[in-house]
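Visitor: Right, I'll just put the structure down here and ask away after.
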Amino acid sequence: MGTKPSTASFRNVAELDAALVDCRVCPRLVGWREQVAREKRAAFRHEEYWGRPVPGFGPIDAPLLIVGLAPAAHGANRTGRMFTGDRSGDVLYAALHAVGLANQPTAVHAGDGLELISTRITAPVHCAPPDNKPTPDERERCGAWLRAELALLRPRAVVVLGAFGWQALLPALAEAGWVVPRPRPRFAHGAHVELVGERGPLHLFGCYHVSQQNTFTGRLTPAMLEDVLRRAAGVARLTLRREVSVT
């Protein structure tokens, strides 16, 4: 697909995802994701890398949405599923399982049986970027996919992992019909903003990203992440059937 998608281009999420995985709009991202898939990391040299844009993951009617940053080069770019096969995903899925939003605490590969409960994960950038840093132009171009996805979803709460996702999501929410205050709400861990809109209120929560830099230094702990997820699940009116610690 050589042009940015329109929010009116797709009748359903399955149709959107089928188009997304063939996207080649950003030359730098296309070149990098495919280079990584060819050269591979030594630990995964016998695996076939996905090496394409990574679609959202989780039920399309989920009232809780999680927005990250972009696929990791040897994580989602390898496995083809958001936050799967890397240490960031290890932290995220363990927390989702601990609060009852995933059926298992691990995400190893796309066929490992993992299911999300009333939760969907997406990102403002769907290709792995060099140094995990998409450019503003790449964010804007890929943001068209996020806007198209939001037009098809009906979330009641969103957890945004990191300031990059927060900044990318706010204009997309405005285009999708929610009223974003001026000045725009600032990102902070634990931030909570309620937006009004044509499709009902939307609760926006900020959370530090589950990057190794944050989790290894203790800037983001499992308890901090689980707390934000529980708060978001509560306002999304989800009944959490399990609240256990993962050991």
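The values are calculated or read from the model by the stated rules, or taken from the named source; none is laboratory data. Given the structure is predicted, the values throughout are model-derived calculations rather than measurements. Please note: Cβ atoms are built from the backbone with ideal geometry, for glycine as well, and neighbour counts cover all protein chains shown. What goes into the accessible areas is simple: the full protein's heavy atoms, side chains included, and nothing from ligands, DNA or RNA. Shrake-Rupley method; radii C 1.70, N 1.55, O 1.52, S 1.80 Å.
Visitor: Scan around Leu204 for amide H atoms under 5 Å from its own, H built in the peptide plane at 1.01 Å from N, and keep only partners 5 or more places away or cross-chain.
Guide: Counting only residues 5 or more places away or on other chains, the set is Val158, Val193, Glu194, Leu195.
Visitor: Could you tell me the center-to-center distance, by alpha carbons, between the stretch 192-214 and the stretch 113-153 in angstrom?
Guide: Result: 15 Å between the Cα centres.
Visitor: Given H placed 1.01 Å from N in the peptide plane, which residues other than close sequence neighbours of Thr84 have an amide H under 5 Å from its amide H?
Guide: HN-HN under 5 Å from Thr84: Ala76.
Visitor: Through the Karplus equation 6.51 cos²θ - 1.76 cosθ + 1.60, θ set to phi - 60°, convert the phi angles of the stretch 79-86 into ³J(HN,Hα) values in whole Hz; use x for Gly and Pro.
Guide: Result, ordered by residue: 8, x, 9, 3, 6, 10, x, 9 Hz.
Visitor: Work out which trypsin sites (Lys or Arg not before Pro) in the chain are exposed loop sites (DSSP not H, G, I, E or B, at most 15 other Cβ within 10 Å) and give the longest gap free of them.
Guide: Result for the longest clean stretch: 46-185.
Visitor: Also: Running a GNM on the chain with Cα contacts under 10 Å, which residue among Leu69, Leu161, Leu195 ends up with the highest mean-square fluctuation?
Guide: In the Gaussian network model the winner is Leu195.
Visitor: Then there's this: Of [x] 72, 39, 27; [y] 72, 41, 30; [z] 44, 44, 31, which is the value of Cα extents along the principal axes in Å derived from the coordinates here?
Guide: Matching entry in [x] 72, 39, 27; [y] 72, 41, 30; [z] 44, 44, 31: [z].
Visitor: Taking the chain as a Gaussian network, Cα atoms linked when under 10 Å apart, which of Pro134, Pro27, Pro124 shows the biggest mean-square fluctuation?
Guide: Pro27
Visitor: So what is the calculated 222 nm ellipticity per residue for the chain, using -39500 (n - 2.57) for each DSSP H run with n of 4 or more, over all residues, to the nearest 500 deg cm²/dmol?
Guide: That comes out to -10500 deg cm²/dmol.
Visitor: I'd like to check one number: the per residue accessible area of the stretch 96-136, probe 1.4 Å, reported in Å² as a whole number. Spell out each step's value before the answer.
Guide: Details: 1470 Å² over 41 residues.
That works out to 36 Å² for each residue.
Visitor: Let me ask something else. Just the number, please: carbon plus sulfur as a percent of the accessible area of the stretch 144-214, 1.4 Å probe, no ligands or DNA/RNA counted.
Guide: With neighbouring chains kept in place, the figure for the stretch 144-214 is 50 percent.
Visitor: Send over a whole-number figure in Å² for the accessible area per residue of the stretch 164-229, probe 1.4 Å.
Guide: Numbers: 3340 Å² over 66 residues.
For the stretch 164-229, the solvent-accessible area averages 51 Å² per residue.
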